[in-house]
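Structure first, commentary second.
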Amino acid sequence: MTPDVDPQDRSAVAAAWVAREDRGQLEAGERGKRDAWLSADSRQFGAYARARAVSAQAARVAATMRAAETSHENIRVPRSVRRWLRSFGLAAMVAAAAWLAHMLFLATVPQTHEYRTSRGEVLRMPLPDGSMVTLDSATELTVIYTPDRRGIRLLRGEALFDVVSDRARPFVVSSAQATVTAVGTSFSVAAPQDAQDAVRVLVREGRVDLADTTDGVRQRVARLEANQTAAARPGAPIQVQRLQPKSVQDQLAWREGMLAFHGDTLATAARRFRRYSDVRIVIDEPTMEGRRVVGLYSANDPVGFARSVALSLGLVAERRGNTIHLRSPQQTSRGLD
Amino acid sequence: MRRIDDATLAVSEQRALWLATHVLPNEPALRRWLCKRMAVCGVDADDVVQEVYAVLAGLQDVAEIRDPWAYLIACARSTVLNTLRRARIVRIEAFASLDHLDAEEPSAGPERHVNAHQQLRETLALIQSLPEKCRRAFVLRRVHGLSQREIAQRMGISENTVEKHICKGIRLLAQAMGHGTNSDGSISDGSISERGADGGSAQTRSTGYDTRR
């Protein structure tokens, strides 16, 4: 099958190659043909690099787009309803008044909503008071609003809260044994991944209070300012750490479907990718687990990450089903002996 | 035009991302810069832009580039100069206009004024304004992470057609991003040539470039 593109149109041929690579691994013959085309003229190579950039840019918006599609569906009013509203104007007004009364009544009783994201999904949505919550991949939380308290129960995963200021109604996020109390600010909370893990809090703007509520008693309150992060473990003092603003942004890169690493170990980086896709990265070379990695990667592209790691550390990335193995080239030769 | 060394042919995902973040958003401004000053040179802006991408994609390391806009302008200028020097008939006024442009300090690139969110929102609007089937295939691939084969099954079309939709998506987005967007961020029909996937003539088809064997 031949893509119908004008061979003179470098952008079109470049797009065809990028789409072909996106379909799956090129066969040896195709690879030779592509390389011949790329090396023949620097402008062709440039057009190809540009098409790759466009493709990468599209991948960056993936998470944003998913959130937008969801909110779009929520606000769309079916045509039949609109027609009904037009022809029964008065009835509609009565209905609207009844609905308003219902909402006013609801304002006095707790409103509970559950939100969850599946793996690889990032969702940004408004809360009833106008605050915004952004749920990272594989996150689950319950919103419990009462007249004097805006409560969030973070069950798993991580979320960023951009809180509208309301002194009379504190915004309280609880997760495992920790609670985070804010008035008006922007901060993220990550639920512990297992019993030994900590609840992690990151403050982007303003300040929050972090309390350990082990055994149901509020204790060891720590005040966190902007650009500080803290970890609360059961039965251990709260650890507070100051961060550079740049590093705060990096830690929140997941909102744009990206993962940023600043000298994290390879093992940590590989673990973080697990939250975003079913593909697992396994490091077969134990001496490499502690190597530090730096860079910004698409969260839904563990394969691309493994490939660039392999390239920069002189390893081989090999995919078997849903697992990518990173191993040293010598391991193969030993395997073949 | 020059040949590219085999060793630099591979464009890493990381480099593609760097180009997407630092070069792509500056491209409309680069083209405006070229058009304003190169009208008399007889140099094709597309050629220059592609040369610039080739240089940036082929660099060993981009970490040292602190000011991408200044770097873009420097690359563009040297490309234009090389093209002019190689031309068989050298137009004097072209060099004169280059002199004029050397005296001018490249102003701050527009990239730093456009925040990351704005960029993502614009790209999002562009994706949403792609032709229906193309958009669907593109969204399934990029947002939902389905493989081209899975998309083919879900949409009830052949894998080749899916590949064409993806190709068309990249091509239309590339064109729209390079030339800047309308105020509403949509791809207007008039600005996009539909040569390729749907509108190719019989002749184009028979001479079409074969990316397969």
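The values are calculated or read from the model by the stated rules, or taken from the named source; none is laboratory data. Computed from a predicted model, the values in this text were never measured in an experiment. Glycine also receives a Cβ, built like all others from the backbone with ideal geometry; neighbour counts cover every protein chain displayed.
Things to note:
- If you go through the stretch A:121-180 and keep only what is outside any strand (DSSP E or B), within 30 Å of B:Leu140 (Cα to Cα) and out of contact with any Lys or Arg (no Cβ under 7 Å at 6 or more places or on another chain), you end up with A:Leu127, A:Asp136, A:Gly157.
- Any hit, the stretch B:171-184, residues being modelled with pLDDT of 80 or more, part of a helix (DSSP H, G or I) and over 22 Å from the mean Cα position of the chain (by Cα): no
The rows are residues; the columns are (1) over 23 Å from the mean Cα position of the chain (by Cα); (2) basic (Lys, Arg).
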{"residue": "B:Arg121", "(1), (2)": "no, yes"}
{"residue": "B:Val139", "(1), (2)": "no, no"}
{"residue": "B:Arg142", "(1), (2)": "no, yes"}
{"residue": "B:Ile157", "(1), (2)": "yes, no"}
{"residue": "B:Gly169", "(1), (2)": "no, no"}
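- Only one of B:Leu120, B:Leu98, B:Leu126 that is at pLDDT 80 or above and more than 24 Å from A:Arg31 (Cα to Cα): B:Leu126
- Given (1) more than 18 Å from the chain's Cα centre (by Cα); (2) assigned by TED's automatic domain parsing to the domain that holds A:Ala299; (3) exposed (fewer than 15 other Cβ atoms within 10 Å of the Cβ), number of the condition A:Thr265 does not satisfy: (3)
- Residue count for the stretch A:161-175 under the criterion of being under 12 Å from A:Leu135 (Cα atoms) and crowded, with 22+ Cβ neighbours inside 10 Å: the result is 1.
- Among helices (runs of 4 or more DSSP H) entirely within the stretch A:1-116, having at least 1 residues that are touching a strand residue (DSSP E or B) at 6+ places or on another chain (Cβ under 7 Å) and modelled with pLDDT under 60 singles out A:62-75.
- The stretch A:277-293: number of residues that are part of a helix (DSSP H, G or I) and among the aliphatic types (A, V, I, L, M): 1
- A:Gln241 being closer than 18 Å to A:Leu202 by Cα, polar (S, T, N, Q) and surrounded by fewer than 19 Cβ atoms within 10 Å (Cβ to Cβ): yes
- Candidates A:Ala230, A:Ala182, A:Ala178, filtered to the one that is among the hydrophobic types (A, V, I, L, M, F, W, C), closer than 21 Å to A:Arg124 by Cβ, crowded, with 21+ Cβ neighbours inside 10 Å and not assigned by TED's automatic domain parsing to the domain that holds A:Tyr276: A:Ala182
- Scan of the stretch A:181-193 for residues that are of a type in the set (Val, Ile, Thr), assigned to a strand (DSSP E or B) and within 21 Å of the chain's Cα centre (by Cα), ordered by number: A:Val189
- Residue list for the stretch A:200-239, filter: among the β-branched types (Val, Ile, Thr) and at pLDDT 90 or above: A:Val201, A:Val203, A:Val208, A:Thr229
- Residue tally, condition in a strand (DSSP E or B) and closer than 25 Å to A:Ser312 by Cα, over the stretch A:239-276: 8
- Considering the stretch B:44-95, the residues that are of a type in the set (A, V, I, L, M, F, W, C) and in a loop (DSSP other than H, G, I, E, B) include one that is modelled with the highest pLDDT, namely B:Leu59.
- Tally of residues being over 21 Å from the mean Cα position of the chain (by Cα) and of a type in the set (Gly, Ala, Ser) across the stretch A:292-332: 6
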